[in-house]
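S.K.: I have a structure I would like to understand better, so I am pasting it below and will then ask my questions one at a time.
The values are calculated or read from the model by the stated rules, or taken from the named source; none is laboratory data. Treat the numbers as computed from the prediction; the structure is a model and nothing was measured. Ideal geometry is used to build each Cβ from the backbone, glycine not excepted, and the neighbour counts take in all protein chains shown. Please note that ligands, DNA and RNA were not included when accessible areas were found on the heavy atoms of the full protein model with its side chains. Shrake-Rupley method; radii C 1.70, N 1.55, O 1.52, S 1.80 Å.
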Amino acid sequence: MALTKCKECQSEVSTEAKQCPKCGAPTKKRIGWLPMIGLVFLAFFCLAVFSSILSKTSRQGFVAPSSPAPKLVIQKGLSWTVDGNYTYVRGSVKNTGDAPARYFKVTVEYKNGKGEVVDTDYTNSTETVMPNAAKKFEVMHRNAPEFKTVSTFVDEVH
């Protein structure tokens, strides 16, 4: 047991005593290292939470601008014809996006009477399609008697 001096009467007091045995003055307790480290971590945590709240509040309503992107759609007027042993799917794609399309791929699915896909083919182009412009395409494929319908879609655009 260690002794210290009382702040009031200067008599010796045990470090474990809650008050001075001579004058009754309360002794000052020291905070250990563990509670001190806990307080520091609590202060950093509160600071981080407060900073996060301020950050969200200051950006509220802010919408980051999206980068321009091409968007190709197949236009109405698609045709599907058979000529001898070959079938031809013709149409055009339009860039409805806000950036040029430098590459695109149009896929054609050939379906049977049940609507099941029995074959596919595609065409692609590296010719640039500017916004609001259109580009014609054609897919030529060997015909088969089970082909009853076709569907087309654009599945790659860069």
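Let's see how each residue does on (1) modelled with pLDDT of 85 or more; (2) of a type outside the set (D, E):
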site: L3; (1), (2): no, yes
site: E16; (1), (2): no, no
site: G32; (1), (2): no, yes
site: P35; (1), (2): no, yes
site: T57; (1), (2): no, yes
site: P65; (1), (2): no, yes
site: Y88; (1), (2): yes, yes
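S.K.: Looking only at residues that are open to solvent by less than 50 Å² (accessible area, probe 1.4 Å) and touching a residue at least 60 places away in the same chain (Cβ under 8 Å) in segment 98-155, which one is nearest to K76 (Cα to Cα)?
M.R.: T152
S.K.: For segment 85-97: of the residues being more than 12 Å from T152 (Cβ to Cβ) and open to solvent by 60 Å² or more (accessible area, probe 1.4 Å), which is nearest to the chain's Cα centre (by Cα)?
M.R.: Here the residue is T96.
S.K.: Do any strands (runs of 3 or more DSSP E) lying entirely in segment 64-132 carry at least 3 residues that are in contact with a Lys or Arg (Cβ under 7 Å, 6 or more places away or on another chain), and which ones are they?
M.R.: Values: elements: 72-74, 79-83, 86-95, 104-111, 117-125.
Because the criterion is at least 3 residues that are in contact with a Lys or Arg (Cβ under 7 Å, 6 or more places away or on another chain), the strands (runs of 3 or more DSSP E) in segment 64-132 that meet it are 86-95, 117-125.
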